[in-house]
Each structure stands twice: as structure tokens, then as C-alpha cells.
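Worksheet: the structure to be examined is printed underneath.
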Amino acid sequence: MDRCIVLVDAGYLLGAAASLLAGEPSRSRITVDHAALVQGLREQAESETERPLLRIYWFDGAPDRVPQPEHRRLRVMPRVTVRLGALTRSDGRWAQKGVDAAMHAELTELARNRACSDVVLVTGDGDLLPGMMAAKEHGVAVHLWAVQAADGDYNQSEDLVAEADERRVLDRTWITKAVRAKDFGGVCAPPPVPRPEIAAILSAPLPESTLAPTSERPAEQSEHPSAPADHGSRERVPATKGVPTPKDLAALRTPGAQTAVQPPATATLRWSSDKGWVDRPGTAAEPPEIASMPTLAQVTTAEQRWADREEDITTVGGDPFEVGQVFARRWIGRLGDQGHLQKLSGMYPRIPHRIDGELLRYAARFGLLAHKDDQIDEHDRYAIRAGFWREIDVRTAAERAPAGD
């Protein structure tokens with residue numbers, strides 16, 4: 001058949017692009033316009049082979065082979081088929097499993113069935129050499145594309161390069177039409193308004209249970225100024241410890257600390273309650289005015305739910321801050337009683353527990369889980385909630401503006 005097919009090893013293509021543009025192969029270092037990338041692959045393949053495109057096969061790994069947001073966007077694009085292998089973590093690094101075998105099987109089957117006259121391979125793995133040789137034996141011309149190496153050297157198997165019928169390097173100019181390096185110079189979210197009560201909580205010493213033994217603590221770590229003078233050993237926060245967790249803060253019992261905020265006996269602190277200690281009188285989960293706030297699911301119709309899913313697949317990129325904004329925008333737009341919005345604004349920075357849980361479950365759709373323990377990364381949680389509050393602030397500011405004029 002006088003058609004061309006493109007087989008893309010996404011791990012190679014995007015990893016090499018990250019090395020070229022960001023200096024390291026981590027795909028988290030780059031932002032990809034998948035629509036532009038697919039269009040570029042199609043135009044380049046049709047131009048080089050002088051054949052119309054039949055299909056682009058996109059091979060990638062995913063935890064438990066569950067499609068991630070980019071895979072969901074890709075598989076609804078015209079002429080694109082997504083094939084997923086497993087993504088496993090070993091020695092602190094992610095590795096694809098089954099992707100090369102799937103590419104080999106697809107390449108061999110397409111050639112055997114004479115589904116095309118030309119195959120474009122975007123890969124660097126020598127494991128595809130037998131598949132390439134089999135395709136050639138079936139009369140298929142094999143074009144091998146490489147991504148320009150950051151060090152100017154080869155980033156492909158030499159045997160693979162030698163066996164290909166045609167070779168091409170996708171240079172920096174071509175790559176940057178659809179891929180760019182992320183700018184990590186700024187912060188992921190706007191800085192919050194200074195709040196003394198939050199500063200007091202975060203400046204309080206951690207309980208002994210969270211501190212490393214004295215022998216393991218570096219000498220240069222500073223002693224907390226409010227530590228009791230007669231304590232047997234100096235209490236220091238380990239250098240590897242970040243912002244205290246709710247569990248850490250809930251265990252605080254430091255009467256001598258001048259900056260510590262002492263919790264009531266029945267108080268509980270959650271991640272959604274950075275405002276401080278939250279009284280939970282009796283067995284009531286939340287005060288009535290908070291419990292009456294509807295969740296997004298409760299104010300969303302079946303038609304809106306379908307439209308939301310389409311928007312998530314096609315336009316929402318999955319950045320944590322953006323995810324929080326999208327969730328808040330939908331929730332605000334569907335609230336029947338805007339009084340809820342004013343109540344929520346006055347609760348900053350605490351998000352009602354039910355709404356906060358729904359927000360984090362929504363964020364989990366976008367692959368924002370640290371798959372080691374199925375928890376969202378702490379940094380991402382803050383960014384998700386910052387995005388939520390930014391959207392709330394924008395809406396409440398817009399409503400206040402007419403009154404101030």
C-alpha cells in the first residue's frame with residue numbers, strides 16, 4: 001500500500017527533547033503541545049516519504065497501563081493510536097516495560113500485512129533491530145528519525161542507524177515548534193497574604209517523635225529559640241524536613257514556646273485547615289454553615305459532567321495550579337446561592353473538608369499522584385489549593401468592584 005506509518009517511542013522522543021532543551025532527560029522539565037507535535041510528525045513524514053499518512057502509533061508507558069492526561073488527549077486526535085506499556089519504579093527511577101516489545105510486534109505485523117510502503121521509526125533502542133530487519137524483508141522502506149543529541153553525539157543504537165534505509169535528525173528548530181523547557185525561576189503559585197496565626201504555627205518546634213536522634217542531626221542546624229533551657233538535648237528540626245504536617249502540628253505540646261499556638265483538647269488540624277487549629281465540638285464533623293455548602297458533584301448535571309470530561313481531555317493541561325483554578329471556576333459558576341462564596345472567602349485559607357477532598361480527587365485524574373504511595377505530592381497540593389483560592393479571589397474581587405466605584 002502506498003501509505004506511510006509513523007511509530008513513535010514517546011519515552012525516547014520526549015526524553016531526548018528534554019535533554020536537548022532542559023539539560024536532563026526528565027519529561028517533567030518540558031511542556032509539550034501534543035497537537036502541534038503530532039501535526040509536525042505528520043507533515044514531516046508525508047514530505048519525506050511522499051506518501052499520505054495512514055496512522056501515527058504513539059507508544060508510551062503509564063503506571064498500571066492507566067492512560068494519563070496526555071494519553072487521553074492523544075488518543076482522541078485524528079489518525080493517532082496510543083499503545084501503552086507499564087511504567088515501573090526501580091531504584092528511584094521510572095522505567096518503561098513492554099513498550100519495545102509492543103513496537104516490535106506492531107512493526108512486524110504492519111509489514112507482514114503490507115499495510116504501508118514506508119515506516120517512520122522515532123526511537124533509539126537497538127531492541128527494534130529484528131523488527132526493522134523483518135519489515136525490510138517484507139518490502140517496507142524504513143526511515144529512522146533521531147532527536148538532536150544535547151552533546152552532538154548519537155543517542156541511538158549504531159546498529160539501528162546502520163540498518164535503516166533513510167535517516168533524519170529532528171533538530172532543535174523542529175523540536176521547539178512543539179516543545180519548550182519549563183521555566184522554574186518563578187514560584188508555582190502567588191505568595192499568600194501574610195497571616196500571623198499561620199506564621200506562628202509554622203514557626204513552632206516539632207514534637208520529639210518527628211526529630212532525628214541527636215547523633216544523626218547535623219551540627220549546623222539551628223536550635224529553636226523557644227526550646228526549654230533545661231532540656232537534656234537540643235531540639236532541632238531536621239534539614240530534610242519540610243513544612244510540618246498536620247500530624248506533626250497536632251502533636252505539639254510545648255507550653256514554654258512563646259510562638260506556638262496551643263490547640264484546644266478537641267482540636268484537629270487538616271491540610272485544608274492551614275488557618276490554624278479547628279475546633280470540632282462534640283461529634284459534629286463541620287459547622288452547619290460549612291456543611292451546607294454543596295460539592296461540585298451536587299451542582300453538576302449529567303450534561304455538564306460530560307462536557308467537563310471533554311474539557312479535561314482536550315484543553316486542561318494538568319498543571320496543579322491550573323487544575324485548582326478549573327475546579328473552582330466550575331464550582332463557582334454552578335452555585336445557586338452566591339452567599340456560599342462569600343462564606344468561603346471569609347474562611348481563607350481553609351477549604352471545607354468535603355470540597356477539599358473532592359478537589360484532590362479531581363486533581364488525581366491528571367496524574368498528580370506520587371505513585372509510590374498513591375498520594376499527591378505536598379508541593380502539588382499547595383499549588384492545587386493556591387489555584388483554587390486565586391479563582392475565588394478573582395470572583396469575589398469582581399463582585400466587590402461595583403460597590404467600590
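FYI, it's all coordinate maths here, none of it is from the lab. Quick caveat: nothing in here was measured; it's all calculated off a predicted structure. Reconstructed Cβ throughout: ideal geometry from the backbone, glycine too, with neighbour counts over all protein chains shown.
Exposure proxy shown here: for LEU7, LEU87, the number of other Cβ atoms within 10 Å sets the order, fewest to most, as LEU87, LEU7.
The stretch between ARG309 and TRP94 holds 74.6 nm of extra length on full extension. This uses 0.36 nm per residue minus the Cα-Cα distance.
Going by average Cβ density within 10 Å per residue, which order do the peptides 293-301, 76-84, 8-16 take, highest to lowest?
Ranked from most to least packed, the peptides come out as 8-16, 76-84, 293-301.
Each peptide in 334-341, 357-364 receives the mean, over its residues, of other Cβ atoms within 10 Å, and ordering these scores from highest gives 357-364, 334-341. Neighbours of LEU296 by Cβ distance under 11 Å: Lys/Arg scored +1, Asp/Glu scored -1, total +4. Rounded to the nearest Hz, the phi-derived 3J(HN,Hα) couplings of region 158-163 under the Karplus curve 6.51 cos²θ - 1.76 cosθ + 1.60 (θ = phi - 60°) are 5, 5, 5, 4, 5, 7, where x marks glycine and proline. Rounded to the nearest angstrom and listed largest first, the equivalent-ellipsoid semi-axes of region 59-147 from its Cα gyration tensor are 25, 16, 11.
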